[in-house]
Amino acid sequence: MKAVLFDLDGVITDTAKFHFLAWRDLGAELGIEVDEAFNEELKGVSRIDSLERILAQGGVADKYSSAEKDELCVKKNADYLELIKEMTPADILPGIIPLLEELKSAGIKMIVTSASKNAPGILDLLQVRAYFDGIVDPATVAAGKPAPDIFLAGAQLAGVAPADCVGVEDAASGVEAIKAAGIVAVAVGDEQVLALADRVLPSTADLSLAVLRETWENRKK
Ligand code: UVW
């Protein structure tokens, strides 16, 4: 194992509640209900794809032009940025800092492979950006999760073969993307939702260099 590719939302910090509030409010303005169960399906999904899913849910996918959809995304993001601006290092999920320290000491590359265009700003708020060797810009990858593109780009940014990476995710679409890239997947969350992963852990507090390495060593070759 030479590199670890990290999702951000739900792995390094929990932004899901803020995305939910911002999408719920935008949905309400459009007369579309976005509840927490539906929000689950938006995890790891890009901003524009999330909006498309919400509009489809409301049966109005064809009602908005592409310029109007862009405007709705800008509105949602402004609302989201307002909600997250008070984030601090206290919002880093349990076990993450010890894991980043262990990986750094072991000389293992660390890359952020998040669909979020807000990832650099959030890493700054959390004061963890310096740990990472790179952040894949999701605007530069052709297809979002569950397509493998962002994880393949992450491996390339690390200068490491996909087979020598481990991806860490909390969302089903993310695990699907990791596996499609031929990368070992460690997931955090519900075992049934994340069944495609090579290993599922209940919490980020269970992540460690030893667990990641062991999962990589026991991968099916
Ligand atoms: C996601 O959260 C996936 O995207 P953004 O933060 O760019 O809206």
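Structure data summary
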| quantity | calculated |
| --- | --- |
| Index of the failed condition, residue 6 passing every other in (1) in contact with a helix residue (DSSP H, G or I) (Cβ under 8 Å, 6 or more places away or on another chain); (2) surrounded by 17 or more Cβ atoms within 10 Å (Cβ to Cβ) | (1) |
| Filter result for residue 185 (in contact with a helix residue (DSSP H, G or I) (Cβ under 9 Å, 6 or more places away or on another chain) and outside any helix (DSSP H, G or I)) | yes |
| Of all residues in the stretch 118-136 being of a type in the set (D, E, K, R) and more than 23 Å from residue 148 (Cα to Cα), the one that is farthest from the ligand (Cβ to nearest atom) | 129 |
| Residue under evaluation residue 88, criteria (1) of a type in the set (S, T, N, Q); (2) more than 12 Å from the ligand (Cβ to nearest atom); (3) buried (at least 17 other Cβ atoms within 10 Å of the Cβ), criterion not met | (3) |
| Wholly within the stretch 16-81, helices (runs of 4 or more DSSP H) carrying at least 1 residues that are among the basic types (Lys, Arg) | 16-30, 47-57 |
| Extreme residue, nearest to the ligand (Cβ to nearest atom), among residues of the stretch 107-117 that are open to solvent by 30 Å² or more (accessible area, probe 1.4 Å) and over 20 Å from residue 139 (Cα atoms) | 109 |
| Test for residue 27: is it among the small types (Gly, Ala, Ser), open to solvent by less than 10 Å² (accessible area, probe 1.4 Å) and either assigned by the TED database to the domain that holds residue 123 or over 19 Å from the mean Cα position of the chain (by Cα) (or both) | yes |
| Test result for residue 172, over 17 Å from residue 97 (Cα atoms), open to solvent by 10 Å² or more (accessible area, probe 1.4 Å) and either in contact with a strand residue (DSSP E or B) (Cβ under 8 Å, 6 or more places away or on another chain) or in contact (Cβ under 8 Å) with a residue 12 or more places away in the chain (or both) | yes |
| Residue check, residue 192 open to solvent by 20 Å² or more (accessible area, probe 1.4 Å), assigned by the TED database to the domain that holds residue 95 and either touching a helix residue (DSSP H, G or I) at 6+ places or on another chain (Cβ under 6 Å) or not in a helix (DSSP H, G or I) (or both) | yes |
| Candidates 75, 104, 63, filtered to the one that is surrounded by fewer than 19 Cβ atoms within 10 Å (Cβ to Cβ), outside the structural domain of residue 203 (by the TED database) and more than 16 Å from the ligand (Cβ to nearest atom) | 63 |
| Residue 82 being more than 16 Å from the ligand (Cβ to nearest atom), open to solvent by 70 Å² or more (accessible area, probe 1.4 Å), out of contact with any Phe, Trp or Tyr (no Cβ under 7 Å at 6 or more places or on another chain) and not polar (S, T, N, Q) | no |
| Pairs where the first residue, in the stretch 102-122, is over 24 Å from residue 1 (Cα atoms) and the second is in a helix (DSSP H, G or I) and open to solvent by less than 20 Å² (accessible area, probe 1.4 Å), C-beta under 7 Å, 6+ apart | 122/84 |
| Options 181, 177, 187: the member that is in contact with a strand residue (DSSP E or B) (Cβ under 7 Å, 6 or more places away or on another chain) and small (Gly, Ala, Ser) | 187 |
| Search result, residues across the stretch 197-221 that are of a type in the set (A, V, I, L, M, F, W, C) and buried (at least 17 other Cβ atoms within 10 Å of the Cβ) | 197, 200, 201, 207, 209, 212, 216 |
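The values are calculated or read from the model by the stated rules, or taken from the named source; none is laboratory data. This structure is a prediction, so every number in the text was calculated from the model and none was measured. No Cβ is skipped: glycine too gets one built from the backbone with ideal geometry, and neighbour counts run over all protein chains shown. Just the protein is used for accessible areas: all its heavy atoms, side chains included, with ligands, DNA and RNA removed. Shrake-Rupley method; radii C 1.70, N 1.55, O 1.52, S 1.80 Å.
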